Every structure is written in structure tokens, then in C-alpha cells.
1. Which residue pairs have Cβ atoms closer than 6 Å, lie 6 or more positions apart in sequence or on different chains, and pair a first residue in the stretch 61-81 that is farther than 12 Å from residue 37 by Cβ with a second residue that is buried (at least 18 other Cβ atoms within 10 Å of the Cβ)?
2. Criterion first (within 18 Å of residue 397 (Cα to Cα), buried (at least 16 other Cβ atoms within 10 Å of the Cβ), touching a helix residue (DSSP H, G or I) at 6+ places or on another chain (Cβ under 8 Å) and modelled with pLDDT of 95 or more) does residue 289 satisfy it?
3. Return the residues of the stretch 140-169 that are surrounded by fewer than 23 Cβ atoms within 10 Å (Cβ to Cβ), touching a strand residue (DSSP E or B) at 6+ places or on another chain (Cβ under 7 Å) and more than 14 Å from residue 377 (Cβ to Cβ); say none if nothing qualifies.
4. Quick test for you: out of 284, 275, pick the one residue that is surrounded by 17 or more Cβ atoms within 10 Å (Cβ to Cβ), part of a loop (DSSP other than H, G, I, E, B), in contact (Cβ under 8 Å) with a residue 12 or more places away in the chain and not assigned by TED's automatic domain parsing to the domain that holds residue 129.
5. Could you please let me know if residue 134 is outside any strand (DSSP E or B), in contact with a strand residue (DSSP E or B) (Cβ under 6 Å, 6 or more places away or on another chain), within 23 Å of residue 229 (Cα to Cα) and outside the structural domain of residue 315 (by TED's automatic domain parsing)?
6. Which one is surrounded by the most Cβ atoms within 10 Å (Cβ to Cβ), of the residues in the stretch 296-308 that are in contact with a helix residue (DSSP H, G or I) (Cβ under 8 Å, 6 or more places away or on another chain) and in a strand (DSSP E or B)?
7. Can you give me the number of residues within the stretch 209-235 that are touching a helix residue (DSSP H, G or I) at 6+ places or on another chain (Cβ under 6 Å) and free of Cβ contacts under 8 Å to residues at least 40 places away in the same chain?
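The values are calculated or read from the model by the stated rules, or taken from the named source; none is laboratory data. These numbers come from a predicted model, not from an experiment. Virtual Cβ from ideal backbone geometry, glycine too; neighbours counted across all protein chains shown.
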């Protein structure tokens, strides 16, 4: 691509303002963002379908390359959602393509950070599914790399692009509930795996077409069994269980409402029974977590058959919010007494209509095209993921923990500090 003097001046101006160079360069060239998809399983397939079957593919984003360790999955997504896309057997092939400007990462959690680092080093903008990381140390590494490269990352916590959650956060931030005393988060039991006992599961030959060694990546070597591959979420080797699956969504909203997006809890007391099954799921199915946040706010997270969502309790009112409902007297008050023009707003200057996933993807594409900062940035998403990891560490150790959120370390607890990071398998180390 030939850069004109005007384009170079635009780039220089953007860099001086801290604007993403990827976004400035894109805005100076064309409107449609060319995307690569890494991870063509359930969530990757959903995202690809969202792009294809809305006006996103026509107006602002097209998938031109698909990569997965299971070629059959990549071909299925190509055939369904992006017929002209190339199939890449390794993610480096995708980064070597000169036409890929943005990357969507929809792999299992243990591959998020190495792929993000590779994408940032390759100068690509990134949309990465939640939870952002496998460990707290990975989040610290990503925050540092984004700061050094100036790269743009949007994390797939699409509840930030849902008007219900945005309104709930704005009500809390603008004092409509008074002083927040307590927040109760309920995670839905319906998302738990159907297999009641959780193992032990039989090993079997690797299915034809799956590169199992690459799929394992940084995780310890293990023989193939279907339940490791799908669903991967219930193994600590590849994810953080239910706590990071739904907890990453809801704790992100709690942090946003409380205004602690760059902070975290001071105390974590998590109780849950960890399965002890050979070659079986090892993340807890039932648990309760009590957090102590700045300002004396108590936050409880639990798995329950009660309605999934977040209940904010203040000394002047309470509200409940989930993906289908926003309720409470402060919400009803908005009809006659809306927030003033001077109120804190959290919508990233966009008011699109559609599903939260569609809006979130569109905002990502807008960030690439304009250079503005994403609504789900790396720092805030590292912090919400870290809160989930802290709960898992507390459960695994079986005791309450004290956490210095400014320095991001435990207080006088070397054993807990040892769980902030994990070892990486030879051949797949990064950092």
C-alpha cells in the first residue's frame, strides 16, 4: 500500500494523541475491516454468523481467513458464514497474510494470551472472547504489552454493550441508589455440564483432523478425551470453570458500576467443593464467594437456581439486572426523572440497536476504523478476570485471602502468590 503525505501526517497526529495506529491507518484507507477468525468452535461460529447475517459484512467487516486446529470446524464456518475466506491450519499463516487487519480470538481460554501477544506483535487489532486470561500473571503481561505496543483490544464481555447493564451501571454511578452497601451476583446452574458425575472419562484416539498437541498448547500433556476438548471449561488446565465463565461477565458489570475497573477486592473468601476425580472435571460446580471492595461494599457471588443476574443494594434503593430484565424503583423513577445531561455516561458514544453481541462487534469495528478506545479494554478486563482467578485461588487453598489491588499481590502469602501464574509446556512458552 502506498502511503501519501496526508496519510503519514494523520498517522503522526494519531500517535501523538495515543490513538491506535491500526485504527488511524485503517481510517485513512478503506471502510471495510478485513478480519481473521481464530477458533471456529461454538462461540467462533456464533460470532461469524453474527457478522454474516447482519449488515456488518456488507458495511464494515468481512472475515477473510479462518483458523482452527480442527480443519472440519474451520471449513464449516467458512461454508456457513464466509464462503470466500481462506483456511489456515496454523495461526501464524493468518498473521502472515497482508489483508488481515483485525483478529477475532474465540479459542479455549488457555490460548487467549499467547494469541493476543502474537496479534499485538503483528500489529493487528484484536477482539478476544472472555475470560481474557487463564491466570492473573497473563493479564499483567497483556496490560504491559498493550501499553508498549499501543495495540487495540476489545474483550468479548458483550454485557457492556447491553442497554440494561449500561443503565444499571449509570444509576449506581450517579447515586440513584445512594451509597452501595451490598451486591449479590447469581450465576445460573443451567450452564453447568450435563454429565452429572463429571468423570472419570475414557481416553480415546485423537479424531482425524484435530491437531491435539497444538490444542493443548501451554497446558500439560494429556491424552485425548472428548470431555477435555468439548466442553473445555470445566478443567483448570484450560479454563477457570464456572467462576470465570459467567463470573467474568457479571463481575465486570459490578466493577463498572462501582467505578473500580482498574482496581479490585481487598479480601476474598471463597468456599466450594473441588472434585477429586481422576481424568474428570476438576473445577467446582457449586460455590459461594464473598469479596470486600473499597468503600465497605460487600459482594457475594454464588451458583444458584435463583434468577441469574446482579442485585445492587443501596441505602436509598435497589435494582436487579440481567440479560432480559432491569427492575427496581430507581429504574421506574427514570420515566419521570431521567438522568441529567451532566450525568456520568458509559455508552462509548454509540447507541446501536440489536443484540448485545452484534453491538459489541460493531463497536470493535468502529474502533479499528476511527482509532477510538474500546468499551471493553484490556485493563478493565484483566481486573475483572483477576477477581475470578482470586476466587478460584481461594477455593483451591481453602481459605480467605488478602489482596493488594494496587500492587497486584497477596499480603504475606507466598503460597497464594505461587498460584498467580502457571508453568507452560515446552514448545509453547510465551511472555
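1. So the pair list comes out as 69/215.
2. On the way: within 18 Å of residue 397 (Cα to Cα): yes; buried (at least 16 other Cβ atoms within 10 Å of the Cβ): yes; touching a helix residue (DSSP H, G or I) at 6+ places or on another chain (Cβ under 8 Å): yes; modelled with pLDDT of 95 or more: yes.
So residue 289 fits the description; yes.
3. Within the stretch 140-169, 164, 167 meet the criteria.
4. Working: 275 fails: surrounded by 17 or more Cβ atoms within 10 Å (Cβ to Cβ).
None of the other options fit; the residue is 284.
5. Numbers: outside any strand (DSSP E or B): yes; in contact with a strand residue (DSSP E or B) (Cβ under 6 Å, 6 or more places away or on another chain): no; within 23 Å of residue 229 (Cα to Cα): yes; outside the structural domain of residue 315 (by TED's automatic domain parsing): yes.
For residue 134, the condition - outside any strand (DSSP E or B), in contact with a strand residue (DSSP E or B) (Cβ under 6 Å, 6 or more places away or on another chain), within 23 Å of residue 229 (Cα to Cα) and outside the structural domain of residue 315 (by TED's automatic domain parsing) - is not met.
6. Of everything passing the filter in the stretch 296-308, 301 is surrounded by the most Cβ atoms within 10 Å (Cβ to Cβ).
7. Matching residues across the stretch 209-235 total 1.
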